[in-house]
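One structure is given below, encoded as structure tokens.
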Amino acid sequence: MPDPHALLKPLDAYIVEDLSNADIAATGKLAASILGQLSEPVLQLLEAAGIADEISVEFFPDPDDESTPGTLIFWPPTRTSETSTREDAFHAEYALRLAVFLSEREDEDVIYPPGFSMVLKLNESACELAKNLPPAVYERLEFQIKGGRLPNGFEFLDDSEHIPVLPSMRRQFLKAITRAHSVTAKKKSKEFEAVMAHYIWDNTEPDEHFSAVLTALATLFVALHHQSKL
């Protein structure tokens, strides 16, 4: 696992509020490079699981988002869009999304550091895959993360309710899936309210949480892919 501090160091000179057009172009290239290095342990896991050839990975720049200049996505290519790889990636039934965000100035005396965002996104059919995973998959991952302080902010991304992923990972996944169905029904939406296990790491968080959460999310992604083939 690469050192997250070393990966983020090239971004230390950039603060969102101070960016010029040239800086926005530069941080986009830096984000692509940083996430390319971060992808290596995930690709090794896919290779070890024998599914590397079945998964697409691509960096999608976003010059319109100054604070988060792009996202690296791992997804099983299903060609939900015949014309756009981006659409296929962003609408995949399950995907692992990695991004970097830049430093932001709260006021003259407070600057928040750069960091990483990690998201495992599950659409409706992927939620069924998650429900059918053997409980031991969740138990093993939970055991690997436990032993010290649990990662702060490792939770399901939801605007109105915070559902922590740990402890009892499988139970919390099922709770988040039930809530996603409920929210979708209340909105009477044709688009399913995706379940997103989300974690933000910056240099105020322990290094071991960075590697533990990324490994857990990548392992769940692999498990979902294997489950999809049963």
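Neighbours of PRO2 by Cβ distance under 15 Å: Lys/Arg scored +1, Asp/Glu scored -1, total -3.
Rounded to the nearest Hz, the phi-derived 3J(HN,Hα) couplings of segment 208-224 under the Karplus curve 6.51 cos²θ - 1.76 cosθ + 1.60 (θ = phi - 60°) are 5, 5, 4, 5, 5, 6, 4, 5, 4, 5, 5, 5, 5, 4, 4, 4, 5, where x marks glycine and proline. Peptide packing: for 189-195, 66-72, the average count of neighbouring Cβ atoms within 10 Å per residue gives the ranking 66-72, 189-195, highest mean first.
Over 22 Å apart at the Cα level, from the set LYS121/LYS175; LYS186/LYS229; LYS131/LYS175; LYS121/LYS190; LYS146/LYS175, are LYS186/LYS229. Of GLU106, GLU205, GLU93, which is the most mobile in a GNM of the chain whose springs link Cα atoms less than 10 angstrom apart? Residue with maximal mean-square fluctuation among GLU106, GLU205, GLU93: GLU106.
Across segment 175-211, the residues whose backbone nitrogen lies under 12 Å from the label position 7 Å along the beta-carbon direction of SER168 are 175-176. Distance between the pseudo-spin-label points of LEU43 and ASN152 (7 Å out from Cα toward the beta carbon): 3.4 nm.
Potential lengthening of the chain between SER228 and SER182 amounts to 14.2 nm, from the contour at 0.36 nm per residue minus the alpha-carbon distance.
For segment 29-184, what is the charge dipole size about the Cα centre, in debye to the nearest 20, if Lys and Arg each add +1 at the Cβ and Asp and Glu each add -1 at the Cβ? Can you show the working numbers first?
Numbers: 14 positive and 26 negative charges, 176 e Å.
Its charge dipole is roughly 840 debye.
Placing unit charges on the Cβ atoms of the charged side chains and taking the dipole of the chain about its Cα centre, the candidate lying farthest along the positive direction among PHE90, GLY36, HIS5 is PHE90.
For GLU58, nonlocal amide neighbours, meaning residues 5 or more places apart or on other chains whose placed amide H falls under 5 Å from its own, are ILE73. Using θ = phi - 60° in the Karplus curve 6.51 cos²θ - 1.76 cosθ + 1.60, the 3J(HN,Hα) couplings for segment 40-51 round to 4, x, 5, 4, 5, 5, 4, 5, 5, 7, x, 10 Hz; x is entered for Gly and Pro. Taking 0.36 nm per residue of separation and subtracting the Cα-Cα distance, full extension of the segment from SER211 to GLN144 would add 23.0 nm. The slack in the chain from LYS175 to GLU87, taken as 0.36 nm per residue of separation less the alpha-carbon distance, amounts to 28.9 nm.
Label-to-label distance, SER56 versus THR204, with points set 7 angstrom from Cα along the beta-carbon direction: 3.7 nm.
Amide H contacts of GLY70 (H built 1.01 Å from N, in plane; Pro and chain starts excluded): ASP62, VAL100 sit under 5 Å, all sequence-distant by 5 or more or on other chains. Derived scalar couplings between HN and Hα for segment 11-17 equal 8, 4, 7, 10, 10, 3, 5 Hz in order, rounded to whole Hz, by the Karplus curve 6.51 cos²θ - 1.76 cosθ + 1.60 (θ = phi - 60°), x for Gly and Pro. Among 29-37, 2-10, the peptide with the highest mean count of other Cβ atoms within 10 Å heads the list, and the full ranking is 29-37, 2-10.
Each reported figure results from applying straightforward, stated rules to the coordinates on display, with no laboratory input. Keep in mind it's a predicted model, so treat the numbers as computed, not measured. Here the Cβ is made from the backbone with ideal geometry for all residues, glycine too, and neighbour counts use every protein chain on show.
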